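Asks: If you scroll down you'll find the structure; I have some questions about it.
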Amino acid sequence: MTTTIAGNTSQGGQSAPAGPADSPFVRACRRLPVPYTPVWFMRQAGRSLPEYRELRAGVAMLESCRRPELVREITLQPVRRHGVDAAVLFSDIVVPVAVAGVDLEIVPGTGPVVAQPVRDAADVDRIRPITADDLSFVDEAVRMLVADLGDTPLIGFAGAPFTLASYLIEGGPSRTHAKTKALMYGAPEVWHALCGRLAEITGEFLRVQVDAGASAVQLFDSWAGALSEADYRRFVLPHSAKVLAGLADTDIPRIHFGVGTAELLGAMGEAGADVVGVDWRTPLDAATVRIGPDKAIQGNLDPCVLFAPWPVIEAEVRRILAEGASAPGHVFNLGHGVLPETDPEVLTRVVALVHEASAR
């Protein structure tokens with residue numbers, strides 16, 4: 001397999017269509033015929049790559065996200081190394097809320113830690129709206145990347161209102177989301193005000209990326225699986241739908257992903273996504289039935305399978321490709337992000353296998 005930043009060439013010399021908008025990744029998102037199943041990995045730009053660790057040494061996470069040249073190089077690293085069919089902007093879901101004035105720090109080994117968690121309406125009022133001018137560093141990074149990537153599409157991304165709200169209310173990561181649910185149930189007016197403000201912030205964050213040239217976006221609702229379907233529909237869906245609807249005029253694919261969301265897949269599709277990401281727990285053919293025939297799917301190799309012997313990995317990749325074939329469009333991915341201990345060479349082999357095994 002031969003790969004360049006300007007565009008991918010599939011196994012057997014079958015050239016991918018020119019231009020990001022007609023790339024295999026975007027075509028699969030649009031449920032159009034593709035020369036092979038496209039593949040990218042969540043967290044592909046990150047700690048599994050030695051060149052990333054070297055580049056990030058001594059630079060705090062939030063600071064690294066504010067340096068366009070650094071964002072550019074980190075985003076390009078997995079495209080060069082693995083030959084994936086799309087780049088994903090290197091950033092963090094809490095970047096826009098930090099811009100909005102929330103005092104937080106991304107603590108290595110822990111995640112986002114918020115100095116003053118949200119407890120009431122006054123706390124919500126302190127989270128100010130943001131504008132494109134506040135995100136000039138994002139605009140600059142995306143424009144550089146689009147020029148560098150050529151035919152390879154760039155995926156923009158953001159955190160969904162529920163997941164962002166959970167961090168802001170809990171003060172950091174949580175296993176139970178108990179404080180989040182307590183506010184959601186006990187003070188629904190504060191909850192909806194908070195999520196409404198976060199939807200506006202997220203929408204602006206994504207709009208800047210799209211206006212600068214991103215070919216698709218992914219909305220991460222990482223912790224939505226903590227909810228029942230009834231609670232998701234009442235407390236979350238309207239706010240995620242607002243974010244996704246805000247990009248409807250852009251005519252680019254919108255991907256929606258969460259973890260542990262098997263019972264929510266249909267509702268997540270209703271929020272306005274063109275592609276619904278599926279974690280490793282739900283077979284893709286079953287997910288397709290739940291989501292419906294008017295959405296593409298993305299996923300869903302268990303990230304831990306990448307630590308198994310190659311024959312096991314190969315069998316799992318082929319199984320997922322077979323299950324994904326039942327969907328009107330399939331983008332191969334993991335069921336969550338690349339784990340830091342993953343051998344990068346294995347990821348490269350998986351990309352080659354996906355392209356070879358799925359060549360039309």
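Just so it is clear, none of the values below were taken in a lab; they were calculated from the coordinates. Because the structure is predicted, anything quoted here is derived from the model rather than measured. In this analysis, Cβ positions are derived from the backbone assuming ideal geometry, glycine residues included, and neighbour counts consider all displayed protein chains.
Asks: May I ask you to say which residue of F205, F162 is under 21 Å from R72 (Cβ atoms) and buried (at least 23 other Cβ atoms within 10 Å of the Cβ)? Break it down stepwise before answering.
Replies: On the way: F162 fails: under 21 Å from R72 (Cβ atoms).
Matching residue, one of F205, F162: F205.
Asks: In the stretch 253-272, which residues are crowded, with 24+ Cβ neighbours inside 10 Å and assigned to a loop (DSSP other than H, G, I, E, B)?
Replies: If the condition is that a residue be crowded, with 24+ Cβ neighbours inside 10 Å and assigned to a loop (DSSP other than H, G, I, E, B), then P253, G258, T261, A271 are the ones that fit.
Asks: Going by what's in this entry, would A287 be described as assigned to a loop (DSSP other than H, G, I, E, B) and either of a type in the set (S, T, N, Q) or in contact with a strand residue (DSSP E or B) (Cβ under 7 Å, 6 or more places away or on another chain) (or both)?
Replies: Working: assigned to a loop (DSSP other than H, G, I, E, B): no; either of a type in the set (S, T, N, Q) or in contact with a strand residue (DSSP E or B) (Cβ under 7 Å, 6 or more places away or on another chain) (or both): yes.
No; evaluated as a whole, the condition is false for this residue.
Asks: Select, from T176, T163, the only residue that is more than 20 Å from the chain's Cα centre (by Cα) and either touching a residue at least 60 places away in the same chain (Cβ under 8 Å) or not in a helix (DSSP H, G or I) (or both). It would help to see each step written out before you state the result.
Replies: Numbers: T163 fails: more than 20 Å from the chain's Cα centre (by Cα).
Selected residue: T176, the only one of T176, T163 that is more than 20 Å from the chain's Cα centre (by Cα) and either touching a residue at least 60 places away in the same chain (Cβ under 8 Å) or not in a helix (DSSP H, G or I) (or both).
Asks: When residues of the stretch 223-246 are filtered for being within 18 Å of the chain's Cα centre (by Cα), surrounded by fewer than 22 Cβ atoms within 10 Å (Cβ to Cβ) and in a loop (DSSP other than H, G, I, E, B), how many remain?
Replies: 1
Asks: I've got another one for you. Can you tell me which residues in the stretch 139-158 are closer than 13 Å to Q209 by Cβ and either surrounded by 23 or more Cβ atoms within 10 Å (Cβ to Cβ) or within 14 Å of the chain's Cα centre (by Cα) (or both)?
Replies: First pass over the stretch 139-158, keeping only residues closer than 13 Å to Q209 by Cβ: 139-146, 153-158.
Matches in the stretch 139-158: A141, V142, L145, P153, L154, I155, G156, F157, A158.
Asks: Here's another thing I want to ask about it. For the subset of the stretch 107-130 comprising residues that are assigned to a loop (DSSP other than H, G, I, E, B) and within 22 Å of the chain's Cα centre (by Cα), which member is surrounded by the most Cβ atoms within 10 Å (Cβ to Cβ)?
Replies: First, the residues of the stretch 107-130 that are assigned to a loop (DSSP other than H, G, I, E, B): 108-110, 115-120, 126-130.
Filter again for within 22 Å of the chain's Cα centre (by Cα), leaving 108-110, 130.
Numbers: P108: 8, G109: 4, T110: 10, I130: 20.
Checked the stretch 107-130; the qualifying residue surrounded by the most Cβ atoms within 10 Å (Cβ to Cβ) is I130.
Asks: Under the condition of being hydrophobic (A, V, I, L, M, F, W, C) and part of a helix (DSSP H, G or I), which residue from the stretch 145-160 is farthest from H256 (Cα to Cα)? Steps first, please.
Replies: First pass over the stretch 145-160, keeping only residues hydrophobic (A, V, I, L, M, F, W, C): 145-147, 149, 154-155, 157-158, 160.
Those still in the list that are part of a helix (DSSP H, G or I) too: 145-147, 149.
Numbers: L145: 23, V146: 22, A147: 26, L149: 23 Å.
Going through the qualifying residues, I end up with A147.
Asks: In the stretch 337-360, which residues are part of a loop (DSSP other than H, G, I, E, B) and out of contact with any Phe, Trp or Tyr (no Cβ under 7 Å at 6 or more places or on another chain)? Quick ask: steps written out before the conclusion?
Replies: Step one: of the stretch 337-360, the residues part of a loop (DSSP other than H, G, I, E, B) are 337-343, 359-360.
Those that are part of a loop (DSSP other than H, G, I, E, B) and out of contact with any Phe, Trp or Tyr (no Cβ under 7 Å at 6 or more places or on another chain): G337, L339, P340, E341, T342, D343.
Asks: Before we move on, is K242 over 20 Å from L334 (Cβ atoms) and in contact with an Asp or Glu (Cβ under 9 Å, 6 or more places away or on another chain)? Don't jump to the end; show me each part of the working.
Replies: Numbers: over 20 Å from L334 (Cβ atoms): yes; in contact with an Asp or Glu (Cβ under 9 Å, 6 or more places away or on another chain): yes.
Yes, satisfied.
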